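Okay, structure first, notes after.
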Amino acid sequence: MSFVRALSLTSPAAAQKELERIGVDPAGIVRMLPKLEQQALLVPQVRAAAANILKQEMLSLGGDAAVARGTVACSVSSTDVLLIGTRKQLLLLCSKLAGQPFGLKALALEIAAFLKTVQHPPACWQTSRRQLSLERPLIMGILNVTPDSFSDGGCYATIEKAVERALQLEAEGADLLDIGGESTRPGAPLITAEHELTRVLPVIEALAGRLSIPISVDTWKSNVAEACLAAGAEIINDISGLNFDPDLAAVVARHQAGLVVMHTRGTPQQMQQDTAYTDLLGEVAASLLQSAAAARSAGIPQTQICLDPGICFAKDLDGNLELLRRLPELAKLGYPLLVGTSRKSFIGRVLQREAAADRLFGTAATVAHAVTSGARIVRVHDVQAMRDVALMAYAINTR
């Protein structure tokens, strides 16, 4: 008995595979694929007059545009616009906007650039010493050489223990190692750059010639970054998104290192006092793109920049869950997306697991979701388990 059903064509590859299964002529597949790519693009705060043009043009192309009530009569001064259509319709819109006023020509260029990014997401991430393929998700193993990190503080406080742990993480399948010398848990005190270096630098030096995977250093301080990159680190993971130390970007650029820019608000001492947002996703995305633009202005190529939405950094429980739900939107910003949820407090709150060590399965759920949603690097404590989770989630969605 046959039955009618809706298909979940989550990617162009999935759509092409289904058309091939049916036996569609190859030329027909080329024609039909664009028709299966319905998209919704949000354009924030457009003048009412421009929004009306957008709606009229999308309707004429067979698509649509959602605008605020009162836009047609111009009783509102501006509105967010949700453009709804296929890739082909949106590209045609761009060509029709080329001669329009109200800044629509510039908007057309932005939409066209976005559609190109979506069609061709980043294929690699460049560090100072190598090119990391993003063909599959990468596993970034966490090594905290701190006495007070929320999960493993004090566990690897000696050089010997830290080196042993680093080699273990590599053996478990880590693609990168992220070393942190200053706790960034909520409320953690700041330490000096000199103190941070006494923790991190000897470990990097001890790993020279012994570790084959790239080393990332979790720091926002330019002088810490300078010393660590000179000692062999290849990536700087900056929780501040280049907002705490104005000299950090120049250091990264000079060493041609990889860079992770993360979203937060304020230092770890202050960040959880500022978790209210009018538009969480929009504000996080705008901040990340500003950080990326600052990096590029300092001479860091786009291929070396990675974005991290900062789960549990200046976000409450609902905010963390919303960011995870909407990761696909952040994965389309034109940069590799890194997500770090490992053992974090929001998992403990949802599952009522007070001890960080009891959050393995909750972490696994977030890692699987992140990979399914487009994250290409996941930062984790439990490398072997989360590597299996990430690769399985990726296989389900791509093979």
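The values are calculated or read from the model by the stated rules, or taken from the named source; none is laboratory data. Not measured: the values here are computed from a predicted model. Here the Cβ is made from the backbone with ideal geometry for all residues, glycine too, and neighbour counts use every protein chain on show. These accessible areas exclude ligands, DNA and RNA; they are computed on the full protein's heavy atoms, side chains included. Shrake-Rupley method; radii C 1.70, N 1.55, O 1.52, S 1.80 Å.
Among the residues of segment 309-318, is any touching a residue at least 60 places away in the same chain (Cβ under 8 Å), in contact with a helix residue (DSSP H, G or I) (Cβ under 9 Å, 6 or more places away or on another chain), of a type in the set (A, V, I, L, M, F, W, C) and on the phi > 0 side of the Ramachandran plot? Yes, some residue in segment 309-318 is touching a residue at least 60 places away in the same chain (Cβ under 8 Å), in contact with a helix residue (DSSP H, G or I) (Cβ under 9 Å, 6 or more places away or on another chain), of a type in the set (A, V, I, L, M, F, W, C) and on the phi > 0 side of the Ramachandran plot. If we keep just the residues of segment 264-276 that are part of a loop (DSSP other than H, G, I, E, B) and at pLDDT below 85, which is most open to solvent (accessible area, probe 1.4 Å)? Among residues in segment 264-276 that are part of a loop (DSSP other than H, G, I, E, B) and at pLDDT below 85, the one most open to solvent (accessible area, probe 1.4 Å) is Gln270.
With respect to Ser291, determine if the residue is assigned to a helix (DSSP H, G or I) and open to solvent by less than 20 Å² (accessible area, probe 1.4 Å).
The answer is yes for Ser291.
Counting only helices (runs of 4 or more DSSP H) that fall entirely inside segment 311-399 and contain at least 1 residues that are modelled with pLDDT under 95 and within 21 Å of Leu132 (Cβ to Cβ), the qualifying elements are 327-330, 383-398. Among the residues of segment 42-57, those that are open to solvent by less than 20 Å² (accessible area, probe 1.4 Å) and out of contact with any helix residue (DSSP H, G or I) (no Cβ under 6 Å at 6 or more places or on another chain) comprise Val43, Val46, Ala48, Ala51, Leu54. When the test is whether a residue is among the β-branched types (Val, Ile, Thr), more than 15 Å from Val284 (Cβ to Cβ) and under 14 Å from the mean Cα position of the chain (by Cα), Val389 does not pass it.
Every test in (1) modelled with pLDDT under 95; (2) within 16 Å of the chain's Cα centre (by Cα); (3) within 20 Å of Lys221 (Cβ to Cβ) is passed by Val261 save one, and that test is (1).
Pro137 satisfies every condition listed in (1) open to solvent by less than 80 Å² (accessible area, probe 1.4 Å); (2) within 30 Å of Val252 (Cα to Cα); (3) out of contact with any helix residue (DSSP H, G or I) (no Cβ under 6 Å at 6 or more places or on another chain) except (3).
Please determine whether any residue of segment 304-312 is farther than 23 Å from Val371 by Cβ and open to solvent by 10 Å² or more (accessible area, probe 1.4 Å). There is no residue in segment 304-312 that is farther than 23 Å from Val371 by Cβ and open to solvent by 10 Å² or more (accessible area, probe 1.4 Å).
Just for segment 248-261: of the residues that are among the aliphatic types (A, V, I, L, M) and in a helix (DSSP H, G or I), which one is surrounded by the fewest Cβ atoms within 10 Å (Cβ to Cβ)?
Ala250
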